[in-house]
Amino acid sequence: MSADHLPEHPEFLWRNPDPKKSYDAVIVGGGGHGLATAYFLAKNHGMRNIAILEKGWLAGGNMARNTTIIRSNYLWDESAAIYEHSLKLWEILPEELDYDFLFSQRGVMNLAHTLGDVRESMRRVGANQLNGVDAEWLDPKQVKELCPILNINDNIRYPVMGATYQPRAGIAKHDHVAWAFARKCDEMGVDIIQNCEVTGFIKDGNKVTGVKTTRGNINTEKVGLCAAGHTSVLAEMAGFRIPIQSHPLQALVSELHEPVHPTVVMSNHVHVYVSQAHKGELVMGAGVDSYNGYGQRGSFHVIEEQMAAAVELFPIFARAHVLRTWGGIVDTTMDASPIVGTTPVENMFVNCGWGTGGFKGTPAAGLTFAHTIATGSPHTLNKPFGMDRFETGHLIDEHGAAAVAH
Amino acid sequence: MWLLEKQYFLMQKGRAEMGNTAQNTEVLALRRSPAHHLWTDFTVGSVAGERGVTLREVPFQRMVGIRVDPTSEVGTRIGELTGGLPLNSGDVTTGESGAAVLWLAPDEFLVVAPDDGEPGPSALVTSLLEALGDGAGQVIDLSSNRTTFELSGPSARAVLEKSCAADLHPRTIAAGTAITTEINKIPTVLFKSADETFQLFPRSSFADYLGRWLLDGMVEFAAEGTSWP
Amino acid sequence: MLLFTCPNCGPRNETEFHYGGQAHVAYPESPGELSDREWAEYLFYRENTKGLFAERWVHSAGCRKWFNMVRDTVSYEVKAVYRIGELQPETLERIASATEPEQAQPLAPAQANPTTASEGV
Ligand SMILES: Cc1cc2nc3c(=O)[nH]c(=O)nc-3n(C[C@H](O)[C@H](O)[C@H](O)COP(=O)(O)OP(=O)(O)OC[C@H]3O[C@@H](n4cnc5c(N)ncnc54)[C@H](O)[C@@H]3O)c2cc1C
Ligand SMILES: [Zn+2]
């Protein structure tokens, strides 16, 4: 096939500038969180002389590897507040960014398979409702009405005993979200610099004054780390420790199918979550691989187990094929909640620890982290998520709501 | 308090009854092994011939768990009864009693002997307990903890290899070797007792599942000249 | 699927093992004297090395014993396997190249943890 027959290359949505000598702020990491942070720095805080430095290509990390589930039905007040704010931002962002990134509020179900699950789920529904998060408890019949292909019979190892349901939750197209933010950032003057790896920091005493990169040194007033799985590596360069562990997290897609799966179904107990993307592929994920890993790949038995769980819940999937599997590097914390705040280094800020579930948090992470960088102190929403909580003991344990990822 | 006393009373009563041979014989007759209900399926599912593979349950084997440092004095004492204690993974020793002693870990061993029809502690357990004395370690009758499946025949290894990731090639696992591993995620002790015979010791609660799983793996060998039934 | 070599049982599938995180983290010598910061470090802070990482594994479906392993967290290649209580090969090398070569022996389990309470957390 000659080049004449190829579709026309789409227009570039952002420039590819060379790095300037200095910026007012530098964001390390061109994933969703880095892009959203730069967007809100420019939009809410009028900071336009800023750059996003990305060692690979835009959204080449977890941003375009995730399974795109967006929801806010977390247990604790602090989490409900930040994730619900995020969901409200998702609801207005397509218009604000002037980009239809296929945000689809098709609802998310979290299945319960044991009496323990049922009790925990009902407790979470209660907590959600008190926090103004739309949440309902569904019995198996209602589950079946919303998702007819689900097997609610008693003849499986872990029968469906009900589900929590958040109607406003859903999915979006992750790469388009990145492009939407990137285009707006670029329009507001933000330099998005790809193939630019940060290799060290320039400090004056305990104050950061610049970054060393594979494209030269860059002076900056402030640095915001948005490097997800690589945050520990950067923190070490900067001279502080951060309580996260990086793990491989895998996902897979099937070939394209007619629409069969109208909502999003997650099961912490049998370890799988599934939705059907707009094009028609079944998108599936599960828990992390147990070991620490920076390899962007995991072991096949993890994939095998999640498919076994999926086929038991959705017998119709037995006829589908795996098209592709892949992995990202997720930054997990001991309480399954993110870290967004200041660091021991002056003028350096960190946003990480979103682990297996930070896609949904992209807008709120951007909003609150931008506030933290611009003003030097946290927004009310991210105040509880500082690193100091590991010393004060004010952990925000979301293992129940976040344990199987997503 | 009342409950405790009552339990104690029942225990004593039970002990007294254990001594009653007539009743013990009755109890023996009432025993059901964990894969008892699969007996017919095993018989029907077994395959004769060149690609044959046979599955059967060997019920009620006597099993004793030993935990002891094999190089200690008490380890030596116990070893005198068991033909020594195995020192490495895979090793199996056999004492005069004919019981096989399998290596489970550097300080953990499993004694396996055929059903002796004894209702109470067998002579084997008693003698091992005596050898242990008050030395550091443990001797416990674990007879009903696991059951035994015997998978034998020219295709026995092929059936296992479908779902056991450990290397079962004879260069690694010769006859007389035992390892602890997983068969389709089921924790199982695997003892290759002869060239084409594997004894599998799953915990009793897994017997039904493992039994059916192995049967499923045997189906293809029943069909002549094809790998699908 | 990774293949690990248990020091007791030899090579087995990854599924027979469970992960135990960073190795050589010593329990604090005087827990009562730790500051909140030190407690936080002991409880919640672990190395998250990109590259060679000393970590613990247990052969849960085999001999059920814990052991240590040095693994590359990028390539996942296993570089060394050694028993609980033994020094990390890298530490051994460092000691070996230092002035007192007679120390380059694995220590008895009770003394073997190479990290002190304050550096090992
Ligand atoms: C398989 C999978 C499924 C997931 N499913 C969901 C889901 O359904 N819902 C949900 O909410 N979340 C999900 N997540 C989590 C979510 O993807 C992440 O929490 C989120 O993407 C992290 O933020 P980010 O987009 O900024 O990260 P990333 O896209 O990883 O961005 C970090 C960037 O930093 C760059 N970087 C690193 N080091 C340097 C350096 N030294 N110099 C310059 N740049 C550097 C990296 O190249 C990378 O592009 C999933 C993750 C994975 C892997
Ligand atoms: Zn082992």
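Classify segment A:332-382: rounded, prolate or oblate, from the alpha-carbon gyration tensor (a ≥ b ≥ c, eigenvalue square roots; a/c under 1.5 rounded; otherwise prolate if a/b is larger than b/c)? Oblate shape, in that a/c is at least 1.5 and b/c is the bigger or equal ratio. Annotation: amide H-H contacts under 5 Å for A:Tyr23 (H modelled 1.01 Å from N, sequence separation of 5 or more, or interchain): A:Asn219, A:Thr220, A:Glu221. Note on surface exposure: A:Trp354, A:Trp326, A:Trp57 rank A:Trp57, A:Trp326, A:Trp354 by accessible area, highest first, 1.4 Å probe. The mean accessible area for residues of chain A, using a 1.4 Å probe and ignoring ligands and nucleic acids, is 40 Å² per residue.
Sort A:Glu187, A:Glu96, B:Glu108 by accessible area with a 1.4 Å probe, largest first.
Final ranking, largest accessible area leading: A:Glu187, A:Glu96, B:Glu108.
Accessible surface of A:Val233, taken over heavy atoms with a 1.4 Å probe and every protein chain present, rounds to 40 Å². Across segment B:77-91, coupling constants 3J(HN,Hα) worked out from phi with the 6.51/-1.76/1.60 Karplus curve, θ = phi - 60°, read 4, 5, x, 4, 8, 10, x, x, 9, x, 9, 9, 3, x, 5 Hz, and Gly and Pro carry x.
Under 24 Å of direct C-alpha separation, and excluding same-chain neighbours fewer than eight residues apart, C:Lys50 reaches these lysines: A:Lys55, A:Lys203, A:Lys212, C:Lys79. Quick query: amide H of C:Cys6 versus all other amide H atoms, modeled in the peptide plane; which residues come in under 5 Å with a sequence gap of 5 or more or a different chain? Residues meeting the amide H criterion: C:Arg12.
Residues of segment A:360-394 buried by at least 50 Å² of accessible area upon assembly of all protein chains, compared with the chain on its own (1.4 Å probe): A:Phe390, A:Glu391. Taking a ≥ b ≥ c as the square roots of the eigenvalues of the alpha carbon gyration tensor, segment A:64-170 is oblate, as a/c is not under 1.5 and a/b does not beat b/c. On segment A:1-142, 54 percent of the accessible area sits on carbon and sulfur atoms, based on a 1.4 Å probe. If R0 is 51 Å, the Cβ-Cβ spacing of B:Ala136 and B:Ala158 corresponds to a FRET efficiency of close to 0.70. Computed extension length for B:Asn145-B:Asp208: 21.3 nm, one decimal, from 0.36 nm per residue of separation with the Cα-Cα distance subtracted.
Mind telling me which of A:Ser246, A:Ser290, A:Ser267 comes out most flexible in a GNM of chain A, alpha-carbon contacts under 10 Å? Top of the fluctuation ranking is A:Ser290.
Take A:177-184, B:167-174, A:147-154 and order them by the average number of nearby Cβ atoms within 10 Å per residue, most first; the result is A:177-184, A:147-154, B:167-174.
Here segment A:217-354 has 54 percent of its accessible surface on carbon and sulfur atoms, given a 1.4 Å probe and all protein chains in place. Using a 1.4 Å probe over protein heavy atoms, the accessible area lost on pairing A with C, summed over both chains, comes to approximately 2300 Å².
Within the same chain, lysines fewer than 8 places from A:Lys279 are excluded, and of the rest, those with a Cα less than 20 Å from its Cα are A:Lys173.
Ranked by solvent-accessible area (1.4 Å probe, protein heavy atoms only, all chains present), the residues A:Glu11, A:Glu255, B:Glu118 order from largest to smallest as A:Glu11, B:Glu118, A:Glu255. Counting only residues at least eight positions apart within a chain, or on another chain, the lysines with an alpha carbon under 22 Å from that of B:Lys185 are B:Lys162, C:Lys65.
Where in segment A:372-393 is the amide nitrogen less than 16 Å from a point lying 7 Å along the Cα-to-Cβ axis of A:Glu346? Within reach of a label on A:Glu346: A:376-377. Available extension along the chain between A:Glu96 and A:Glu236 is 46.7 nm, counting 0.36 nm per residue and deducting the alpha carbon span. Using the Cβ-Cβ distance between C:Leu43 and A:Leu115 with R0 = 30 Å, the FRET efficiency computed as 1/(1 + (r/R0)^6) comes to roughly 0.45. Modelling each spin label as a point 7 Å along the Cα-to-Cβ direction, I'd like the C:Leu3/C:Glu77 distance in nm, to one decimal. It works out to 1.6 nm between the two label points. Spin-label model, B:Thr126/A:Lys203: points 7 Å from Cα along the beta carbon direction are separated by 7.4 nm. Segment A:179-239 and segment A:274-292 have their alpha-carbon centroids 30 Å apart. Using a Förster radius of 41 Å, what is the FRET efficiency between A:Arg123 and B:Asp91 based on their Cβ-Cβ separation? Nearest 0.05, please. With a Förster radius of 41 Å, E is 0.20. Does segment A:273-406 come out rounded, prolate or oblate by the C-alpha gyration tensor, with a ≥ b ≥ c the root eigenvalues, rounded set by a/c under 1.5 and, if not, prolate when a/b is larger than b/c and oblate if not? Judged from the Cα gyration tensor, segment A:273-406 comes out prolate (a/c at least 1.5, a/b above b/c).
Accessible surface of A:Asp139, taken over heavy atoms with a 1.4 Å probe and every protein chain present, rounds to 70 Å². Legend: mean number of C-beta atoms from other chains within 10 angstrom of residue C-beta atoms, peptide C:13-22, equals 5. Chain C packed on chain B takes about 1000 Å² of accessible surface away from a 1.4 Å probe, both sides summed.
Amide H to amide H distances under 5 Å link A:Ile339 with A:Cys352, A:Gly353, A:Trp354, where only residues 5 or more positions off or on other chains count and H is placed in the peptide plane.
The calculated P(r) of the protein assembly as shown, using every Cα pair and 20 Å bins from 0, goes 14, 39, 33, 12, 1 in percent.
The values are calculated or read from the model by the stated rules, or taken from the named source; none is laboratory data. Note that this is a predicted model, so its numbers are computed, not measured. Please note: Cβ atoms are built from the backbone with ideal geometry, for glycine as well, and neighbour counts cover all protein chains shown. Please note that ligands, DNA and RNA were not included when accessible areas were found on the heavy atoms of the full protein model with its side chains. Shrake-Rupley method; radii C 1.70, N 1.55, O 1.52, S 1.80 Å.
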